[in-house]
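J.: If you scroll down you'll find the structure; I have some questions about it.
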Amino acid sequence: MLARQRFFTAFLVAATLFGVLVGWLCNRSLSAEKAAEVAAGLSIVTDAFLRLIKMVIAPLVFASLVSAIAKMGSAAEIGRVGARALLWFLGASCVSLLVGLLMAHWLHPGTALHLQAAITLSPTAVGGNAESFGAAAFMTHLVPRSIFEAMADNEILQIVVFSVFIGTAAAALKDEVSRFVELVDQLAAIMFKVTDYVMKAAPLAIFAALASSICVHGIGIVGTYARFVGGFYLSLGILWVLLIAALVWIAGARGLRLIYGIRHTVLLAFATSSSEAAYPRLLEQLVDFGVPRRIASFVLPLGYSFNLDGAMMYCAFAILFIAQTYGIELTLAQQVALFGLLIVTTKGVAGVPRAAIAVIAVTLHYFNLPESGIALVLAVDHILDMGRSATNIVGNAVAAVAVARWEGVREPAQSRDIG
């Protein structure tokens, strides 16, 4: 088993390095038109992999969450676990936003560019619209019109709401629906097996994703935005240190073994810029670590809508970057308002395409900042999305362990090999 894991790790690293090399060679040797064609061909592989993962997500979230809630035993326990998870998410959100704001103030990543506001991009032009983040629209987004529509669109938050109702009802009926709970358990087991099959293609997807991105943009784009990209990744590094420190404080030195164990999962999220791609494997790794399945299956789906640590920090960092680029100083009161606004607008938007960019667009409009600044971050958004997707995985893993410990799981069950 250990030899197989080491081989898979080596395969992932080789795919990563080979993807960077092939992308760089294509970018250097091909014309822009040819490079775009090659990238389009490579992106087919990544898109196919992500479609396979998304194919698994809806039934897996439904089955694992219903099973977990049905086995909790009472509505009081369900409410307690949910409240503790949301409380942790709120605390993590505050820390993420605070790190982003403080680092943007310290590094001043936008001062190297001195621009005047020119074109205006509406939020709709970058993948969302202002109405997507209003309270009424959020409530509409929260409650599904049809569970089949929610599953077809992979609306995780809506699937969670429906699953909570089904799981709570199953817990109340107990023995009357024991066969239904067994069936749901079997469905979850099947979906995990399907996930294992899909994950065998992960190295190929990582190679294609990196090669496609570098083929079009080239490695040089990082140099153009070195202060912005480097500052953001330094900020992510600080957030990782804080998250890992919290994990060690909660779980002891064993927490480091979890971080080491989920390295493949984090790399997958990084290379594909998709937190969803890592969900099935992360759930199994948390169970292997010792987090009860009923807790991991409940906390993770909520985390994918309410605990996007990397995305939240990115929004704060990018907005101050844009303001600094145009020489605009935000007052302390405005920054406090920005903090509160991002706490609200970043919740439940995981299903919105390019959600972080859409949130930034809405926030710029709210504070009368030049929306043309969106074009600045769009240039490197994919590179930054890789980092924030990986951070979301780490944040949700820590959250699941924290809630499990909060629930009294002091000595986790004997864990199997993670990875």
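Read the figures in this text as sums done on the coordinates, not as results from a lab. Just so you know, these numbers come straight off a predicted model, no measurement behind them. Heads up, the Cβs are rebuilt from the backbone with ideal geometry, glycines too, and the neighbour counts pull from every protein chain shown.
J.: For the residue pair PHE367 and LEU102, what label-to-label distance in nm results when each label sits 7 Å from Cα along the Cα-to-beta-carbon direction?
T.: So the two model labels end up 1.8 nm from each other.
J.: Here's something else I'd like to know. ASP196 label point, 7 Å along Cα→Cβ, cut-off 19 Å on backbone N: hits in the stretch 8-32?
T.: The answer is 8-9.
J.: Given a Förster distance of 45 angstrom, what is the FRET efficiency for ARG227 paired with GLU176, based on the Cβ-Cβ distance and rounded to 0.05?
T.: Once the sixth-power term is evaluated, E becomes 0.15.
J.: Could I have the simple spin-label model distance between LEU234 and TRP406, label points 7 Å from Cα toward Cβ, reported in nm to one decimal?
T.: About 3.3 nm separates the two model spin labels.
J.: Moving on to the next point. Once fully extended, how much extra length lies between ILE219 and LEU332, figured as 0.36 nm per residue of separation less the alpha-carbon to alpha-carbon distance?
T.: Computed gain between ILE219 and LEU332 is 37.0 nm.
J.: Could you line up TYR314, TYR197, TYR304, TYR366 from fewest to most neighbouring Cβ atoms inside 10 Å? Write down the numbers at each step before the final one.
T.: On the way: TYR314 29, TYR197 10, TYR304 22, TYR366 15.
With the fewest neighbours first, TYR314, TYR197, TYR304, TYR366 line up as TYR197, TYR366, TYR304, TYR314.
J.: Sort TRP240, TRP249 so the one with the fewest other Cβ atoms within 10 Å of its own Cβ comes first. Display every interim value, and only then the final one.
T.: Values: TRP240 19, TRP249 11.
Placing the least packed residue first, the sequence is TRP249, TRP240.
J.: How do the peptides 46-55, 100-109 rank, highest first, by the average count of neighbouring beta carbon atoms within 10 Å per residue?
T.: Averaged packing, sorted descending, gives the order 100-109, 46-55.
J.: Quick one: if you stick a label point 7 Å off each Cα along the C-beta vector at LEU86 and VAL20, how many nm between them?
T.: Once both label points are built, they end up 4.3 nm from each other.
J.: Now for a different question. Give the order of ILE295, ILE244 when sorted by the count of other beta carbons within 10 angstrom, beginning with the fewest.
T.: Fewest to most other Cβ atoms nearby, the residues stand as ILE244, ILE295.
J.: Please work out the FRET efficiency for the pair LEU183 and ARG263, using the Cβ-Cβ distance as r and a Förster radius of 30 Å; give the result to the nearest 0.05.
T.: For LEU183 and ARG263, the calculated efficiency is 0.30.
J.: On a full-extension model of 0.36 nm per residue, what is the gain between LEU30 and LEU142, subtracting their alpha-carbon distance, rounded to one decimal in nm? If you can, show how the numbers build up before the last one.
T.: On the way: separation 112, 0.36 × 112 = 40.32 nm, distance 4.63 nm.
Extra length available between LEU30 and LEU142 comes to 35.7 nm.
J.: Highest mean first, what order results for 395-404, 14-23 on Cβ atoms within 10 Å?
T.: The densest-packed peptide leads the list: 395-404, 14-23.
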